[in-house]
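I have placed the structure first, in the form of structure tokens, so that the comments after it can refer back to it.
The values are calculated or read from the model by the stated rules, or taken from the named source; none is laboratory data. Being a predicted model, the structure only gives us computed values, none of them experimental. Positions of Cβ are backbone-derived with ideal geometry, glycine not excepted, and every protein chain shown enters the neighbour counts. The accessibility values were calculated without ligands, DNA or RNA, using every heavy atom of the protein model including side chains. Shrake-Rupley method; radii C 1.70, N 1.55, O 1.52, S 1.80 Å.
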Amino acid sequence: MSWSFEWTVVAWTLFALAIVPLQLRVSAPYGRHARKGWGPTVDNRLGWLMMEIPALLLSSAIFFSSGPGNKAWTTWAMFLLYAGHYVHRSVVFPFFLRTDGKRMPWAIVASAIFFNVVNAGFIGWHLGYGPAYPADWAGDPRFVGGCLLFFLGMGINVHSDYTLIGLRKPGETGYKIPRGGFFRWMSCPNHAGEILEWAGFALLTWSLPGLSFAVWTAANLVPRALRHHDWYLDRFPDYPAERGALWPRLFRAS
Ligand code: NDP
């Protein structure tokens with residue numbers, strides 16, 4: 001990895017941290033936080049597809065252009081974990097959404113495409129053209145622990161997303177209090193799971209692009225989960241008091 005590549009990734013990561021105060025003040029205007037004043041809109045499901053598919057296409061294009069035939073299986077495993085997540089997010093998840101008639105601003109789609117292109121570019125480049133991982137990286141505690149964290153996070157994320165989606169009968173678009181599973185302890189286990197998943201990926205790749213993506217994910221999702229939690233408290237007077245936004249109430253600072 002060249003000096004300039006590393007410093008570009010560091011700058012990109014610092015940008016994620018720099019905009020956290022903005023993300024805390026202004027909730028991203030899609031889903032329950034959708035509101036007027038954000039310009040033209042696009043169908044919600046199509047928006048998800050367009051936002052997420054660039055990550056899959058770009059990371060694959062870079063990885064396969066690097067001649068991956070002679071790479072160790074550990075590198076392939078990393079690529080497949082990343083690409084597998086985006087196969088689900090871009091071409092499976094949007095088609096299960098029960099958001100008929102809902103729209104999201106093009107501004108959200110454009111900013112998410114930018115976010116995904118940069119992160120997928122860094123990760124694809126690292127796996128394709130970065131220093132080679134040996135096959136015995138599979139025995140390293142960082143790889144083993146990272147894989148465990150990745151799959152735990154992914155399991156929590158997917159289970160919780162589909163629990164939320166299943167709250168609506170076909171054709172419904174309103175909101176209900178989610179119950180059971182990880183919702184017993186927190187309002188947004190889907191977001192907590194996604195943060196864990198990418199923290200696991202950072203650990204198993206032990207790389208700057210992996211760390212950068214984990215930081216970006218947390219920078220996006222911690223503010224969103226805090227807004228979701230406040231929204232539930234405002235909207236439902238009987239909302240379970242023991243829940244935190246992303247962690248059990250017991251461990252909440254306030
Ligand atoms: P949300 O929890 O806001 O919504 C998920 C889906 O469930 C939406 O279709 C939503 O409908 C529906 N839903 C949520 N809560 C309820 C409820 N109480 N009652 C009925 N339906 C409900 O998730 P996001 O849209 O923020 O994110 C979707 C996925 O994308 C998550 O897995 C998240 O982790 C991931 N993501 C990752 C990011 C990253 O930086 N890596 C950034 C953003 C998202 P509606 O849309 O109508 O609200």
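Listed here are the residues, each with its yes/no results for (1) touching a Pro at 6+ places or on another chain (Cβ under 7 Å); (2) within 10 Å of the ligand (Cβ to nearest atom); (3) polar (S, T, N, Q).
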position: F182; (1), (2), (3): yes, no, no
position: L196; (1), (2), (3): no, no, no
position: N220; (1), (2), (3): no, yes, yes
position: A225; (1), (2), (3): no, yes, no
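Kindly provide the set of residues from the range 181-194 that are under 13 Å from the mean Cα position of the chain (by Cα) and not in a helix (DSSP H, G or I), ordered by number. So that I can check it myself, show each step before the final result.
Step one: list which residues in the range 181-194 are under 13 Å from the mean Cα position of the chain (by Cα), which gives 188-194.
The answer is C188, and nothing else.
Residue under question is L81, and the condition is that it be in contact (Cβ under 8 Å) with a residue 60 or more places away in the chain, under 21 Å from A120 (Cβ atoms) and of a type in the set (A, V, I, L, M, F, W, C); does it hold? Outline the logic, then answer.
Values: in contact (Cβ under 8 Å) with a residue 60 or more places away in the chain: yes; under 21 Å from A120 (Cβ atoms): yes; of a type in the set (A, V, I, L, M, F, W, C): yes.
Yes.
Which residues, taken from the range 24-57, are open to solvent by less than 40 Å² (accessible area, probe 1.4 Å) and farther than 19 Å from Y86 by Cβ?
Listed by number, the residues that qualify are S27, A28, P29, G31, H33, V42.
Please go through the range 130-159 and pick out each residue that is within 16 Å of the ligand (Cβ to nearest atom) and either over 14 Å from the mean Cα position of the chain (by Cα) or not aromatic (F, W, Y) (or both).
L149, L152, G153, M154, G155, I156, N157, V158, H159
I'd like to check which helices (runs of 4 or more DSSP H) are fully inside the range 9-94 and have at least 2 residues that are touching an Asp or Glu at 6+ places or on another chain (Cβ under 6 Å). Before you say what the answer is, go through the steps one by one.
On the way: elements: 20-25, 44-65, 73-91.
In the range 9-94, the matching helices (runs of 4 or more DSSP H) lie at 73-91.
State whether the residues of the range 161-180 include one that is surrounded by fewer than 23 Cβ atoms within 10 Å (Cβ to Cβ), within 16 Å of the chain's Cα centre (by Cα) and closer than 30 Å to T75 by Cβ.
Checked the range 161-180: at least one residue is surrounded by fewer than 23 Cβ atoms within 10 Å (Cβ to Cβ), within 16 Å of the chain's Cα centre (by Cα) and closer than 30 Å to T75 by Cβ.
How about the range 198-214: which of its residues are near the ligand (Cβ under 10 Å from one of its atoms) and touching a residue at least 60 places away in the same chain (Cβ under 8 Å)?
Listed by number, the list holds a single entry, F213.
If I ask for residues that are assigned to a loop (DSSP other than H, G, I, E, B) and small (G, A, S), which ones from the range 195-236 would you list? Even if it seems obvious, please write down each step before you answer.
Restricting attention to the range 195-236, the residues satisfying the condition of being assigned to a loop (DSSP other than H, G, I, E, B) are 206-207, 236.
Answer for the range 195-236, where residues must be assigned to a loop (DSSP other than H, G, I, E, B) and small (G, A, S): just S207.
When you go through (1) more than 22 Å from I123 (Cα to Cα); (2) near the ligand (Cβ under 10 Å from one of its atoms); (3) at pLDDT 95 or above one by one for D230, which number turns out not to apply?
(2)
Between S65, S111, S60, which is open to solvent by 60 Å² or more (accessible area, probe 1.4 Å), touching a helix residue (DSSP H, G or I) at 6+ places or on another chain (Cβ under 8 Å) and of a type in the set (S, T, N, Q)?
Working: S111 fails: touching a helix residue (DSSP H, G or I) at 6+ places or on another chain (Cβ under 8 Å); S60 fails: open to solvent by 60 Å² or more (accessible area, probe 1.4 Å).
The unique qualifying residue is S65.
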